[in-house]
Amino acid sequence: PPTHGACMAPRRLLFPIAVSVLSFGCAQAPAGATDTPPVSTSAGYANVEDASRVLRKVSADLNRDGLMDAVLVIAPRSNTADPQDARFLPRIISLQLAQRGGGYREVARNHHVGACEVCGGAYGDGLTEVAAEPGSLTITNEGGIAQRWSKTYVFRWEGAKDGMVLDRYLALGDFSSDGTMGRVDLKAPTVAPADFASFDPKASGLPDPAGE
């Protein structure tokens, strides 16, 4: 897809995860209608009517079928008359499975896990990393003002559900009066295998050492 605006500068992650980060792009969020439900198309990405809204694309074989799938980061549309209000909305993350006959099938999209454009506070863009490898997707949000926080969500492919589920949660943040950092690292089965499409960090009940 075409790119617009400036891409965010790479930042060193508080929680580096060993996965491959592939193709990236940038765009600005336009105003317009709300998103429509996922649909299948014979060519191109499914349920992406405006390619300029695709901010980034990461490629990997998500379902291990030998085809290169795509994870799209899509700019949200403003829910007010001011298109700039889209900066305060989470990014949309779309999982697109490549089809042997061509094109893609969208198996899920999430409206909660990708931090908004200004959610990083003093550190800029809150969505620091979207990375993938066969059978796995990692999303990291970071930010802060006086102190920095980081939250990483790792999803794995679940064939029985034809989709991805939460497999690991890592968080680093807030800082007590003695300067120590809070740290959380939960893996399956301790962390519930929430479906990617419905996963909402704020409603998940996961511990948050940053207090965000």
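Of note:
- Residue that is closer than 25 Å to ASP208 by Cα and more than 18 Å from the chain's Cα centre (by Cα), where the choices are ALA122, ALA131, ALA115, ALA98: ALA122
- Across the range 137-159, the qualifying residues are those that are buried (at least 19 other Cβ atoms within 10 Å of the Cβ) and among the polar types (S, T, N, Q), and the one among them that is farthest from the chain's Cα centre (by Cα) is SER150.
- Residue list for the range 90-124, filter: more than 22 Å from TYR45 (Cα to Cα) and surrounded by fewer than 22 Cβ atoms within 10 Å (Cβ to Cβ): CYS116, VAL118, CYS119, GLY121, ALA122, TYR123, GLY124
- If you go through the range 134-151 and keep only what is hydroxyl-bearing (Ser, Thr, Tyr) and modelled with pLDDT of 95 or more, you end up with SER136, THR138, THR140.
Residue-wise test of (1) under 24 Å from LEU62 (Cα atoms); (2) open to solvent by less than 70 Å² (accessible area, probe 1.4 Å); (3) in a loop (DSSP other than H, G, I, E, B); (4) at pLDDT 85 or above.
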| position | (1), (2), (3), (4) |
| --- | --- |
| LEU172 | no, yes, no, yes |
| ARG183 | no, no, no, yes |
| VAL191 | yes, yes, yes, yes |
| SER198 | yes, no, yes, yes |
| LYS202 | no, no, no, yes |
| ASP208 | no, yes, yes, no |
| GLU212 | no, no, yes, no |
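- The lone exception for GLU49 - which of (1) farther than 21 Å from CYS119 by Cβ; (2) modelled with pLDDT under 95; (3) touching a strand residue (DSSP E or B) at 6+ places or on another chain (Cβ under 6 Å) it fails: (3)
- Note on the range 123-139: among residues that are of a type in the set (S, T, N, Q) and in contact with a Lys or Arg (Cβ under 7 Å, 6 or more places away or on another chain), the one that is nearest to ILE92 (Cα to Cα) is THR128.
- Selection within the range 89-134 - farther than 23 Å from ALA171 by Cβ and among the acidic types (Asp, Glu): GLU106
The values are calculated or read from the model by the stated rules, or taken from the named source; none is laboratory data. None of these values were measured; they are calculated from a predicted model. Glycine gets a Cβ as well: all are built from the backbone with ideal geometry, and neighbour counts include every protein chain shown. Remember, those area values only see protein heavy atoms, side chains included, never the ligands or the DNA or RNA. Shrake-Rupley method; radii C 1.70, N 1.55, O 1.52, S 1.80 Å.
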